[in-house]
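The values are calculated or read from the model by the stated rules, or taken from the named source; none is laboratory data. In this text, all values refer to a predicted model and were calculated from it rather than measured experimentally. Note that we place each Cβ from the backbone using ideal geometry, even for glycine, and neighbour counts take in every protein chain shown. Note: accessible area is taken over every heavy atom of the protein model, side chains too, but ligands, DNA and RNA are not part of it. Shrake-Rupley method; radii C 1.70, N 1.55, O 1.52, S 1.80 Å.
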Amino acid sequence: MRSSLGFHTMTLSKELYCHSHTNDLINDFKKYCKKTKTIKIYPDKNENIAIDFYREDKGIKWVIKRNILTKKSYVDIVEVTINPKILGGIQSYITAATYDDMKTAIENFNSISKSISPLLHTFADYKLKRLDYCVNFSINELLPGCIAEQIMDLIKRSDIPPRFKEWVEYDRISHRTKSKPSSFYLMNHSVHINCYSKYMQLLEKSKQNEEKNYPPIPVSTLEAARDMIRFEVQCKYIKTYNLSQKVIEDMSLLKNETCYGILRDYFRKTVGGGDWYTLQEAIRIIKFNHFNQQKERRLIEALQFVNQCRSVSKAKQMCSDDELEKFKRTLTDISDLRINPVTIPKEWGIKHIQNLLDAYDRKESAEELENNFDNYFKFRFINI
């Protein structure tokens, strides 16, 4: 199964006991750089000291921050961001990491830290600061007959939950603010939600690598990512801290049921829980349910309004305060029918597209059932 669910990166942090330790750690990095010529030390955009491998991506990079205000005092901090899949020795940018990947990743983390400086200590000495959950959808695998660009077009018309805002930047050509055409990026103070074309993201990363004289992303990796859409929930420090208070140990946050629960929750709040239909097909389903005339008209008019505004969030913005609550209840009624209020353009020639997360669940369940059957017959054969 090319689609995958789990997490892709995490950031850990550890206080340095005193400023002299900070200087010693920086010197240890410089010695390692001179000895191996495999890492690069440079100031990041915030003038912190950043360190990462440049000849080969090993899935680990550090940032040393000075004079950070904590509850007690000003301290120096070392942060380390890891990609457990790559740190574990699997060079994959399109497969999510899982709890099972952590054993090898932690062993390699400790080995690399030990080779650089005793002041980096071990994985167990760090606190989890940020965790990025993700699910990678292979459109060819889950929604045959569709292409990634079509699905991104539908997703970009999704809802924006309360207290979130969409990331935009100023376009000098059109002289207005615009979102990226290949992503749907929402933010608040504790969580960022980003749904994007994995191919376009890796293509941009490859260009950035070449500008920094780093190796480009292999063409084979880019081609494998062409049909991939990633939905990720970036849990910043506040969200990660709140999640950690609900579990016995931070590692529990990496277990599959936790990953799935968080991703499902934010997917439903944004993309939605229903299937996509053409406007005509969605209206047909509503009429088939034989609601009273008033409710039927209310549901159909809401679908037509979203279609006219070209997104759920824009339709909500067009509502007055008095109309908004009624419109939200109508959207809930539509969702209860397993219909996504975003409708498929008629010119696509497609009447129905299954909900992406539901398609993932069905594919995973089918493969799990198939594997169980294979294992059962292998067991029977061995014991005959």
| task | Pairs only if they're at least six apart or on different chains, beta carbon under 6 angstrom, first in region 176-190 and modelled with pLDDT of 95 or more, second of a type in the set (Val, Ile, Thr) and open to solvent by less than 30 Å² (accessible area, probe 1.4 Å); list them, first residue then second. | result | 184/155; 186/193
| said: Show me the helices (runs of 4 or more DSSP H) found entirely inside region 193-245 where at least 2 residues are open to solvent by less than 50 Å² (accessible area, probe 1.4 Å), at negative phi and without any contact (Cβ under 8 Å) to a residue 24 or more places away in the chain. | reply: 198-211
| task | Inspect region 265-274 for any residue being more than 24 Å from residue 353 (Cα to Cα) and without any contact (Cβ under 8 Å) to a residue 24 or more places away in the chain and give the result as yes or no. | result | no
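Quick check, is residue 323 of a type in the set (Asp, Glu), surrounded by fewer than 18 Cβ atoms within 10 Å (Cβ to Cβ) and within 23 Å of residue 136 (Cα to Cα)?
no
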| field | Filter result for residue 335 (open to solvent by 40 Å² or more (accessible area, probe 1.4 Å), free of Cβ contacts under 8 Å to residues at least 40 places away in the same chain and hydroxyl-bearing (Ser, Thr, Tyr)) | value | no
| Name the strands (runs of 3 or more DSSP E) wholly within region 1-113 that hold at least 1 residues that are under 22 Å from the mean Cα position of the chain (by Cα)? | 4-16, 60-69, 74-82
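Yes/no matrix, rows are residues, columns are (1) buried (at least 20 other Cβ atoms within 10 Å of the Cβ); (2) touching a helix residue (DSSP H, G or I) at 6+ places or on another chain (Cβ under 9 Å); (3) of a type in the set (Val, Ile, Thr); (4) without any contact (Cβ under 8 Å) to a residue 12 or more places away in the chain:
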position: 10; (1), (2), (3), (4): yes, yes, no, no
position: 27; (1), (2), (3), (4): no, no, no, yes
position: 32; (1), (2), (3), (4): no, yes, no, no
position: 66; (1), (2), (3), (4): no, yes, no, no
position: 71; (1), (2), (3), (4): no, no, no, yes
| query | Limited to region 12-25, what total is found for residues that are hydroxyl-bearing (Ser, Thr, Tyr), surrounded by fewer than 17 Cβ atoms within 10 Å (Cβ to Cβ) and in contact with a strand residue (DSSP E or B) (Cβ under 9 Å, 6 or more places away or on another chain)? | reply | 1
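For every residue, the table says whether it meets (1) out of contact with any helix residue (DSSP H, G or I) (no Cβ under 7 Å at 6 or more places or on another chain); (2) at negative phi; (3) exposed (fewer than 15 other Cβ atoms within 10 Å of the Cβ).
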| position | (1), (2), (3) |
| --- | --- |
| 41 | no, yes, no |
| 61 | yes, yes, no |
| 79 | yes, yes, no |
| 100 | yes, yes, yes |
| 105 | no, yes, no |
| 109 | no, yes, no |
| 121 | no, no, yes |
| 124 | yes, yes, yes |
| Residue count, region 304-313 (criterion: touching a residue at least 40 places away in the same chain (Cβ under 8 Å) and open to solvent by 20 Å² or more (accessible area, probe 1.4 Å)) | 1
| message | Go through region 246-259 and report how many residues are open to solvent by less than 50 Å² (accessible area, probe 1.4 Å) and in a helix (DSSP H, G or I). | response | 6
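What number of residues in region 346-366 are polar (S, T, N, Q) and in contact (Cβ under 8 Å) with a residue 12 or more places away in the chain? Steps first, please.
We begin by selecting, within region 346-366, every residue polar (S, T, N, Q); these are 354-355, 365.
Still in the running and in contact (Cβ under 8 Å) with a residue 12 or more places away in the chain: 354-355.
Residues flagged as polar (S, T, N, Q) and in contact (Cβ under 8 Å) with a residue 12 or more places away in the chain within region 346-366 amount to 2.
Listed here are the residues, each with its yes/no results for (1) open to solvent by 20 Å² or more (accessible area, probe 1.4 Å); (2) modelled with pLDDT under 95; (3) part of a loop (DSSP other than H, G, I, E, B).
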site: 277; (1), (2), (3): yes, no, no
site: 283; (1), (2), (3): yes, no, no
site: 297; (1), (2), (3): yes, no, no
site: 302; (1), (2), (3): no, no, no
site: 359; (1), (2), (3): no, no, no
site: 367; (1), (2), (3): yes, yes, no
site: 370; (1), (2), (3): yes, yes, no
site: 377; (1), (2), (3): yes, yes, no
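Hey, could you check region 114-130 for residues that are of a type in the set (A, V, I, L, M, F, W, C) and assigned to a helix (DSSP H, G or I) and say which is nearest to residue 23 (Cα to Cα)?
Among those residues, the one meeting the criterion is 119.
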| remark: Checked against (1) closer than 22 Å to residue 263 by Cα; (2) modelled with pLDDT of 95 or more; (3) open to solvent by 60 Å² or more (accessible area, probe 1.4 Å), residue 144 satisfies every condition except (1)
| field | Residue count, region 43-57 (criterion: open to solvent by 70 Å² or more (accessible area, probe 1.4 Å) and in contact (Cβ under 8 Å) with a residue 24 or more places away in the chain) | value | 2
| Single match in 295, 255, 314, 269 (criterion: under 26 Å from the mean Cα position of the chain (by Cα) and farther than 30 Å from residue 127 by Cβ) | 314
| Scope region 260-270; condition touching a helix residue (DSSP H, G or I) at 6+ places or on another chain (Cβ under 7 Å) and surrounded by fewer than 19 Cβ atoms within 10 Å (Cβ to Cβ); matching residues | 264
